[in-house]
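First up is the structure itself, then whatever we jot down about it.
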Amino acid sequence: MSHELPALPYAYDALEPHIDEATMRIHHDKHHAGYTAKLNDAIKDTKFACTPLAVMLSGLDRIPEDIRGAIRNNGGGYVNHSLFWDTLSPDGGGEPTGNLATEIDAAFGCFADFKEKFNTAAATRFGSGWAWLVLKDCSSLVVYSTPNQDSPFITGDTPLLGLDVWEHAYYLKYQNRRPDYIEAFWNVVNWARVSERLVGARTDLDMTSY
């Protein structure tokens, strides 16, 4: 089984002016496509070709050393980007509602405090990496950042919302102004999709299809 590069669920320019068309084309068609190809090369003709990525990433110690790094980096890059596109929308922004809003308030005090914590995680990630909202131990919402293409699946957490803070995600438009990119991100968050991921994680639905 090989992994396919997922199509964007919207046009390349749909997230303008917050994320520009040129960045989306390079980010999706070059970077994400590159992770996909390298992942498939690593697992081709191995018993891991049919293993869900979340299972591989959460059990890296069971992956042969000669392909472990490729699974961590390219498998992580594949799932991280797949979730990233899926939780953005040209009709996004605003604040979450319903149970997701309630759980964010319970975990962080209020949405503003959650947003500040997430922004800090994204802004202070040294070098390249991601900021995350995850469901930890199937119980609590937590914010943290990971280096490079490390996925929350590595530590057994379920990613709900992620922000790519590699320079390739924002440099064409924002140059070194990462905080401006982080603030723009909130205008395109697809809270309905984030809420669906939370429901799926809490009801043991398959959240590993990436």
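The values are calculated or read from the model by the stated rules, or taken from the named source; none is laboratory data. Quick caveat, the model's predicted, so the values are computed rather than measured. Don't worry about glycine lacking a Cβ; one is built from the backbone with ideal geometry, like all the others, and counts go over all protein chains shown.
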Determine which member of the set GLY69, GLY92 is farther than 18 Å from TRP166 by Cα and crowded, with 16+ Cβ neighbours inside 10 Å.
GLY92
Can you name every one of the strands (runs of 3 or more DSSP E) wholly within segment 122-210 that holds 3 or more residues which are closer than 21 Å to PRO6 by Cβ?
129-136, 158-164
For segment 14-42, which residues satisfy the criterion of being within 14 Å of LEU172 (Cα to Cα) and outside any helix (DSSP H, G or I)?
GLU16, PRO17, HIS18, ILE19, ASP20
Working carefully through the options SER151, SER140, find the one that is of a type outside the set (Asp, Glu), under 15 Å from the mean Cα position of the chain (by Cα) and outside the structural domain of ARG72 (by TED's automatic domain parsing).
SER151
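Residues are listed down the side, and each one gets a yes or a no for (1) at pLDDT below 95; (2) within 19 Å of the chain's Cα centre (by Cα); (3) hydrophobic (A, V, I, L, M, F, W, C):
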| position | (1), (2), (3) |
| --- | --- |
| ALA22 | no, no, yes |
| HIS32 | no, yes, no |
| ALA70 | no, yes, yes |
| LEU88 | no, yes, yes |
| THR97 | no, no, no |
Going residue by residue through segment 60-81, is there one that turns out to be in a helix (DSSP H, G or I), closer than 30 Å to ARG177 by Cβ and of a type in the set (Gly, Ala, Ser)?
yes
Would a scan of segment 159-174 turn up a residue that is farther than 21 Å from ILE19 by Cα and either surrounded by 15 or more Cβ atoms within 10 Å (Cβ to Cβ) or out of contact with any strand residue (DSSP E or B) (no Cβ under 8 Å at 6 or more places or on another chain) (or both)?
yes
Under 6 Å between Cβ atoms, which residue pairs at least 6 apart in sequence (or on different chains) link something in segment 157-184 that is farther than 21 Å from ARG25 by Cβ and free of Cβ contacts under 8 Å to residues at least 40 places away in the same chain with a partner that is surrounded by fewer than 23 Cβ atoms within 10 Å (Cβ to Cβ) and among the charged types (D, E, K, R)?
ASP157/LYS136
In segment 95-109, how many residues are farther than 15 Å from ASN190 by Cβ, free of Cβ contacts under 8 Å to residues at least 12 places away in the same chain and surrounded by 13 or more Cβ atoms within 10 Å (Cβ to Cβ)?
1
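Within segment 120-148, track down each residue that is β-branched (Val, Ile, Thr), over 18 Å from GLY109 (Cα atoms) and surrounded by fewer than 18 Cβ atoms within 10 Å (Cβ to Cβ).
THR124
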